[in-house]
Amino acid sequence: MKEEFDMQNAQVKRVAGRSGLDTQVPGEPATVGAAAMATGGIDAGNFIDADIDNELMRFNSDDTPLMNLMLRAKRVKVNSPEIDHYMIDEPRSSVTTTGVLTGGAAQGILPLDAADQCLPRPFTTLLLPYVDGYDSDGNQQQGRALMLFVAGIDTATNNPVVRAVNGPRNPGDEVCVLPTIPAGTKAIILSNSLYETQKEVDPEMIVPQPTRIYLQKRGMNQVVSDYFESQRKRIPFTKAVLAEQAIANFKVRGNRTLWAGRPGKFKVNVPGMGLQYVYCTEGVRWQFKRELQHAGKWTVEKIIALAKMFFTGEDVPKTALLLAGKNLLEQIQCIDYSRHPEIQITTRQNAAGWTVTNFHTVFGDIEIKREPTLDRLGWSNSGALIGENRLVHYVYSSEHSFSDRVDGQEATRNGILIWDALALKGSCHIWIDGENIVNDEQVGKDVFHLWDDSSMAPDGVEGVIYYLVNDCKPIDPSAKAGQLWVKNGDKWSRWTGEAEA
């Protein structure tokens, strides 16, 4: 059937109205298409406005997880922008011998590092889990650890003078002697043991070591002229929409500062006000005391090893939240879980209101969430394992808004001011460095590597601690999975620091 009307060739004829203007289009419906043909095309903005996605204009809290954690953390009101932040360590639980104690005598000097000599005080007992003890008849008891009693301090070396509680002895003897104790032996500090009329012992003095934290003053200004406000706009920019987007940008930049800011204090000359101080706060990236350098694929065994290091140190947190870059998140998502059907990976909403991936281990649950700021900072392969109850939010001036008329201008200035800082409390937190950046920031930190090759020993970077995912006999015949080893010169030895507890 032949078309009676070809829309492509249609000619819409306009006629003059009463006043002589070509505004009349008889016989045509009031549609967008008809109006376009009648006018020869609609001038953009005069007839149809493009819609705007209001969701993109709104601030999304998922873009700033670290800042949200800060707002949920313990809030401490301070009276100065310079704070002495005390990170009181948990007490040491063990010491390690630096030399051999030759046995055979009733008493001997236990050789320790100079930094450890003051820990075992007189009347303290020490358990040596890797040295066998003896029974009452002087027979060695395999697997029954030797215990020492600190009888005093050697004035020449400052090392403790010890005697054995369950050492070798002749049957019937009341006093035993010391067995030979090799170098590198771990001694766990137990409670003291007093004689029957004793009531005085050496006091315990705790001297916290402060770290200077600077609180950074951050501000956001928005100036809107009266003329702009009075205009009818193509897109209805209300004050709320403008302010919301400005606040979103303010918080995103502040979140980057909380991660990567570098500490500083300097003066600037303010016209009419003289010299004034500017403070820059230190990002939490540089506050971690433990750092895990990782290369290669992540496995279930490595994730469990990470949970073990986090939950079994001296400082044990209640929860674990892994804020991860996109590449680290992808690697964890692509782990082959087929050999571990007991592992539970679930999605849930955590206490902060985020939807997180929950990784359940026997040591504790790790909640995993993407942190977009790490991607923007160039740390997509990295992440931070944080104990939420180990954060402190120092506030010198609470966040507040203001609205002022601009002097000499027909405009209004709206803004936000906040003066605060975020600090890590305790030593449980672990930074996962997937970029393998070696720098001076690692000085004074415990740097770990996960080693899962059982056929060869690592090169052994000086000062780096290797966590063995599998047994590794090339390091040492006794090197077992789950142990920490460190190389000093050409010799490997067990590392007995906090994560080994």
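The values are calculated or read from the model by the stated rules, or taken from the named source; none is laboratory data. Please read these numbers as outputs of a predicted model, since none were measured by experiment. Please note: Cβ atoms are built from the backbone with ideal geometry, for glycine as well, and neighbour counts cover all protein chains shown. In case anyone asks, the SASA skips ligands and DNA or RNA and just uses the protein heavy atoms, side chains included. Shrake-Rupley method; radii C 1.70, N 1.55, O 1.52, S 1.80 Å.
The stretch between Glu330 and Arg348, if pulled fully straight at 0.36 nm per residue, gains 4.6 nm over its current Cα-Cα span. Carbon and sulfur: what percent of segment 125-194's accessible surface (1.4 Å probe)? Solvent-exposed carbon and sulfur of segment 125-194 make up 45 percent of the total.
Label-to-label distance, Lys318 versus Ala151, with points set 7 angstrom from Cα along the beta-carbon direction: 4.8 nm. For the pairs Lys77/Lys308; Lys77/Lys186; Lys251/Lys308; Lys289/Lys491, flag any whose C-alpha to C-alpha distance is greater than 31 Å. The pairs that break the limit, which is 31 Å between Cα atoms, are Lys77/Lys308; Lys77/Lys186; Lys251/Lys308. For Asn170 and Asp476, the difference between the fully extended length at 0.36 nm per residue and the C-alpha to C-alpha distance is 106.7 nm.
Calculated on the alpha-carbon coordinates, the convex hull of segment 110-230 measures out at 243 cubic angstrom per residue. Surface composition of segment 293-376: carbon and sulfur atoms hold 50% of the protein heavy-atom accessible area at a 1.4 Å probe. A Förster radius of 41 Å combined with the Cβ-Cβ distance from Lys199 to Tyr86 puts the calculated FRET efficiency at roughly 0.85.
Considering only protein heavy atoms and a 1.4 Å probe, what is the carbon-and-sulfur percentage of the accessible area of segment 449-496?
Solvent-exposed carbon and sulfur of segment 449-496 make up 47 percent of the total.
For the pair Glu435 and Val268, label points projected 7 Å from Cα toward Cβ lie 2.6 nm apart. Mean sequence separation of contacting Cα pairs (under 8 Å, at least six apart), scaled by the length of segment 107-153, corresponds to a relative contact order of 38 percent.
Could you report segment 108-169's accessible area per residue, 1.4 Å probe, as an integer in Å²?
47 Å²
Summary of the geometry: segment 284-309 and segment 359-402, compared by the centres of their Cα atoms, lie 15 Å apart. Note that segment 296-376 presents 47 Å² accessible area per residue, ligands and nucleic acids not counted, probe 1.4 Å. If you sort Ser94, Ser478 by accessible surface, 1.4 Å probe, largest first, the order is Ser478, Ser94.
Modelled spin-label separation between Asn488 and Gln142, with each label point placed 7 Å from Cα along the Cα-to-Cβ direction: 3.0 nm.
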